[in-house]
Every structure is written in structure tokens, then in C-alpha cells.
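The values are calculated or read from the model by the stated rules, or taken from the named source; none is laboratory data. Small disclaimer: the values here were computed from a predicted structure and weren't measured. With ideal geometry, Cβ positions are generated from the backbone for all residues, glycine too; neighbour counts draw on all protein chains shown.
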Amino acid sequence: MIARFIAPLFRFAIVACCCALPSAAIGATIAIDIGHSLASQGSRSAAGHGEYLYNRALALEIARILEASGHKIDILNREGTIKSLAARPTRAAAIKADLFISIHHDSIQPQLMNQRERYRGYSAWVSGSNPHAAASLTCARTIASTMRKSGMRPALFHADKIPGEGHQLLDAGNGIYRRDGLAVLRLSKTPAVLIEAGVIVNPVEEAWLNNPRVRAAIAQNIAAGIHACVPKPRFR
Ligand SMILES: [Zn+2]
């Protein structure tokens, strides 16, 4: 069954790929990192909310779906008290996670804020310095292509040759970037992917992302991508 949601104020629909994921033959252990913290909340949305709150709401929804399909989920930073970036992959290694996923919401460079309505879309990030860089990219492709097929648009503006951007776009069709220095990805002992679910400094996109039905559909698609990528093979 396919569900289609059209949020008010937004022009395009998102399709949840499926209502329930099939049970995993072998449940994987997946670390889901809630980006930023209560003390340092990341980007500030157009409506003035901290990015951490968006990250937390989406991560918990993804975790719920994956747990229901038989995976073991460790939510990193549920209470918002982990400030250290290095502590997150360290925790994932301690529980012998098969995959590390970090959930974020996006912003733009300060000099572009006067045209922020132009910027929207999701992106997925991998590090070439991760010891499982190829597997990370495979998982990023699986997750990002599931998001794209659901009707979401990849954000390509991080490749723009302007101060603060100019990042290496590995897969323009799916919105996948390489950024070797991202600590949570670089320090992870397992394949690792960082997801920027959407641009919360864009007031229209923020309203869309904050719609509970849209969030549920995005979570379903990210979870489906993770589910498709993680069980085969075990990376450790
Ligand atoms: Zn962030």
C-alpha cells in the first residue's frame, strides 16, 4: 500500500514507500545519532526552532520503524546531552553497531539568507576517510535513492562554488556528497552516513518538514533504505 501526502503550502507530494518493512532475516545493530545537542542545537529554523528538535523527532520515528522490522537500534543522544562528536562513533563501536546513521536538518550560508526560499532538498554525506568508505557510499545510495523515488528532491547547492560550500558531489542524481572531515563519519568503525533531511531555514520547507504525516513518510523512506542496505553483508 502506498500513501501519498501533500502538505499545505508545498507544491510536491511525498510517497511513503511502504506501510511496514518486511521482517529482517537477521536483525542488524544500527546506531542512529541525533545530530547536535540541547545545549548546541545546530541550525536555527525559519520559525526559530533548534535543529536538534527536528533531528530528534525524525530519528525517533526512523528507530521505531526499524525496531518493528527486527533490528536492534541504539539511539545516540536521545537526551540531547552528548556534546562530543567523537563520543558518538565511540558509543556505536562499543555496541558493535553494523551501521552508523546521523540525522540532521540543513541550513545555507549566511550570505544567502535573503533568498532562503530558493534552497530546499535532502542530501546524504559520506567520508572517504571512513574505513568502510565504499560500503558507506553504497548505503548512502540506497537511502538517498529511496528518498528521491518518494518524491523528495536532492539538494545540489552544497556543490556551488561559493564561500562555505563547494563540496564534492559524488552522485548528483541522488544528492550524495563526500566530506572526509566530518568527525562522526570519519571516526566511525562501521559504514556511516549523515542525512540532511531538508532545509529548515526555508520557511516553506520547514512547514512541510514539520508536518507529522510528512515526517512519518520521510522516516519510512529512510528506514526502508537502511533496511535494504544493512543486512547484507555484515560489515564487521
Ligand atoms: Zn546539523
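For the reader, a short list of remarks on this structure follows.
- Matching strands (runs of 3 or more DSSP E) fully within the stretch 145-236 where at least 2 residues are at pLDDT 95 or above and more than 13 Å from the chain's Cα centre (by Cα): 168-171
- Residues of the stretch 23-49 classified as surrounded by fewer than 21 Cβ atoms within 10 Å (Cβ to Cβ) and either more than 16 Å from Asp106 (Cβ to Cβ) or within 16 Å of the ligand (Cβ to nearest atom) (or both), total: 16
- Residue among Arg64, Arg91, Arg78 that is under 18 Å from the mean Cα position of the chain (by Cα) and either part of a helix (DSSP H, G or I) or buried (at least 18 other Cβ atoms within 10 Å of the Cβ) (or both): Arg64
- Looking across the stretch 52-61 at every residue that is aliphatic (A, V, I, L, M) and in contact (Cβ under 8 Å) with a residue 40 or more places away in the chain, the one that is surrounded by the fewest Cβ atoms within 10 Å (Cβ to Cβ) is identified as Ala57.
- Some residue of the stretch 124-138 being surrounded by 20 or more Cβ atoms within 10 Å (Cβ to Cβ), touching an Asp or Glu at 6+ places or on another chain (Cβ under 9 Å) and assigned to a helix (DSSP H, G or I): yes
- All positions within the stretch 26-42 that are touching a Pro at 6+ places or on another chain (Cβ under 9 Å) and either hydrophobic (A, V, I, L, M, F, W, C) or within 16 Å of Cys139 (Cβ to Cβ) (or both): Ile26, Ala28, Ala31, Asp33
- Any hit, the stretch 108-121, residues being under 16 Å from the mean Cα position of the chain (by Cα), over 28 Å from Asp171 (Cβ atoms) and surrounded by fewer than 22 Cβ atoms within 10 Å (Cβ to Cβ): no
- Within the stretch 207-229, residues that are within 19 Å of Ala47 (Cα to Cα) reach no partner that is of a type in the set (Asp, Glu) and surrounded by fewer than 22 Cβ atoms within 10 Å (Cβ to Cβ) with beta carbons closer than 6 Å at six or more positions or on different chains.
- Residue list for the stretch 102-123, restricted to those being within 13 Å of the ligand (Cβ to nearest atom) and either in a helix (DSSP H, G or I) or over 20 Å from Arg215 (Cα atoms) (or both): Ile108
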